[in-house]
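See below for the structure under consideration.
The values are calculated or read from the model by the stated rules, or taken from the named source; none is laboratory data. Note that the structure is a prediction, hence the values are computed from the model and not measured. Don't worry about glycine lacking a Cβ; one is built from the backbone with ideal geometry, like all the others, and counts go over all protein chains shown. Keep in mind that these areas ignore ligands, DNA and RNA; they rest on the heavy atoms of the full protein, side chains included. Shrake-Rupley method; radii C 1.70, N 1.55, O 1.52, S 1.80 Å.
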Amino acid sequence: MKYLLASLLIFILGLFNFFAPIRGTLHFIFNPVQYGLQQTSANLVQGINFYSNLRNIYVQNMSLLEEKESLISEVQRLKDLEEENKILKQQLEISEYFDSEKGLILAKTLGNFADLTATSVILDKGTSHGVSTGDIVVKGRHFVGIIKETTTQRSVLELVTSPNLLFSVIDMETKTEGLAKGEFGTTVMMERILPGELVNVKDYIVTSGRDGKVLPGYLVGEITSVSEESAEVLRNASISVLVDVNNLGRVFVIPQK
Amino acid sequence: MKRVIFLIFINIVLVLFQSSMFSELFGVASNPNLVLAFAFALYFLDLDDMGIISAFIGGIWLDLFGFSIVGISSVTMVGSLLFFIYVKRYLFRGFASNIVSVIVSQSVYLLFLNGNVLNFSQYLKSGFYTTLSAIVIYYIFRKFSRYFFPSGYRFSK
């Protein structure tokens with residue numbers, strides 16, 4: 001009974017964040033250990049998956065080699081466009097108003113054993129490293145999520161697949177706008193597509209920045225299906241997230257301040 | 001004092017494995033609660049006092065390593081263990097009762113931690129894996145008890 005009372009007392013003190021310094025110290029000491037253990041398991045799981053899927057990997061490899069060739073020519077075309085864009089900007093004297101690549105904070109993901117819905121992960125960086133609630137997290141040009149909670153040494157990242165995350169997006173090809181909401185797992189639903197607006201399977205969806213929450217231009221995913229056209233009802237489209245949210249490894253936090 | 005230090009260290013190891021390794025290996029939904037499993041393994045061995053101390057210490061480590069309010073895990077795990085010790089002493093004993101006790105305790109723990117967002121099958125799955133872990137730890141202790149404890153220590157009363 002005394003241990004139950006002691007637990008209750010600790011819980012009451014915990015409500016007032018009494019243990020924050022102890023927690024910060026523990027996180028600081030054990031971050032590298034937990035990351036090491038997590039990466040060991042991730043490598044083990046990948047190894048097991050590799051050997052059990054050798055045939056599929058071969059087929060995937062062949063199609064990836066073909067895709068690589070077409071991407072190389074696409075990159076060349078984009079480089080030409082970039083050069084043209086630079087020249088046009090110089091001519092029109094437009095200056096860069098925002099450089100989102102500055103001040104990125106590299107963070108390692110530690111999983112989140114307490115969240116059984118698998119819609120959030122813990123990062124090994126916190127307020128002492130410049131991370132704050134509301135900061136967006138990316139991996140390359142992929143939007144990964146938004147910081148939900150912080151302590152001095154760690155923070156909780158709400159993933160793009162979380163149903164609690166709602167943000168504005170735009171179709172890169174057709175410029176159709178909508179709202180994206182996570183669906184648990186690896187999909188995101190693009191909602192509130194107006195009737196008559198065009199959205200096609202295999203279109204890429206990026207953040208539009210219209211909500212002021214997320215910076216524009218970050219890749220969310222690829223459309224895999226669109227709900228049937230109807231004159232009265234707003235449509236939905238299912239987006240497959242291209243980044244593996246279960247194996248993020250290292251990500252970048254873009255501080256909003 | 002020695003057994004408290006032993007429990008502190010073993011619970012740190014269990015929390016590290018549970019939070020970093022097992023959640024990757026088995027997935028978050030199937031991740032067994034090793035801290036609860038260890039406490040219940042001691043309960044199966046009729047080491048109720050040690051089980052309560054282990055649940056108390058392990059619960060605090062779990063909360064310190066995570067983001068929940070410090071103390072919530074201890075309250076739920078110690079509370080569940082006390083309840084089932086009472087059940088074992090005055091109502092039911094046996095293998096089935098032990099299994100049910102672990103599943104119910106893990107479900108209560110998840111309910112306090114995650115709220116109402118999980119469905120019944122997730123509670124059952126997590127409870128099943130935690131029970132399995134408790135049984136494995138129990139058998140390890142039984143088999144190697146003479147290496148873990150001095151000869152004066154007996155498991156069965």
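Numbers below:
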item	result
Rounded to the nearest 20 debye, dipole of the protein assembly as shown from Cβ charges on Lys, Arg, Asp, Glu	2700
Debye, to nearest 20: dipole size of region A:58-193, +1 on Lys, Arg Cβ, -1 on Asp, Glu Cβ	480
Cα-centre dipole for region A:174-257 with unit charges at Cβ (Lys and Arg positive, Asp and Glu negative), debye to 20	480
Shielding by partners, peptide A:10-21 (average Cβ within 10 angstrom, other chains)	4
Accessible-area order (highest first, 1.4 angstrom probe) of the listed residues B:56, B:65, B:144, B:6	B:144, B:6, B:56, B:65
Cα→Cβ-extended label distance, 7 Å offset, between residue B:132 and residue B:46, nm	3.0
Debye equation applied to the C-alpha atoms of region B:1-140, log10 I(q)/I(0) at 0.08, 0.09, 0.19 Å⁻¹	-0.18, -0.23, -1.11
Net length gained if the chain between residue A:87 and residue A:106 were fully extended (0.36 nm per residue, minus Cα distance)	3.6 nm
Cα lying deepest toward the dipole's positive end in region B:20-143, options B:21, B:74, B:134, charges on Cβ	B:134
Shielding score for B:12-18, defined as the mean number of other chain Cβ atoms within 10 Å	2
Of the trypsin sites (Lys or Arg not before Pro) in region A:180-234, those whose Cβ has at most 15 other Cβ within 10 Å and which sit in DSSP loop	A:202, A:210, A:213
Projected label distance in nm at residue B:2 and residue A:175, using a 7 Å step from Cα toward the beta-carbon	7.8
Sparsely packed chymotrypsin sites (Phe, Trp or Tyr not before Pro) within region A:1-52, loop by DSSP, other Cβ within 10 Å at most 12	A:16
Cβ-derived FRET efficiency at R0 45 Å, residue A:213 paired with residue A:63, nearest 0.05	0.80
Alpha-carbon centroid distance for the pair region A:16-67 / region A:163-237, whole angstrom	29
Computed [θ] at 222 nm, helices only, for chain A once each DSSP H run of length n ≥ 4 contributes -39500 (n - 2.57)	-12000 deg cm²/dmol
Helical segments meeting 30 Å axial Cα length and Kyte-Doolittle -1.0 threshold in chain B (DSSP H)	B:120-148
Dipole of region A:206-257, positive direction: furthest Cα of A:236, A:224, A:209, with charges on the beta-carbon	A:209
Cleavage-rule hits (GluC sites (Glu not before Pro)) in region A:150-228: DSSP loop, at most 12 neighbouring Cβ within 10 angstrom	A:228
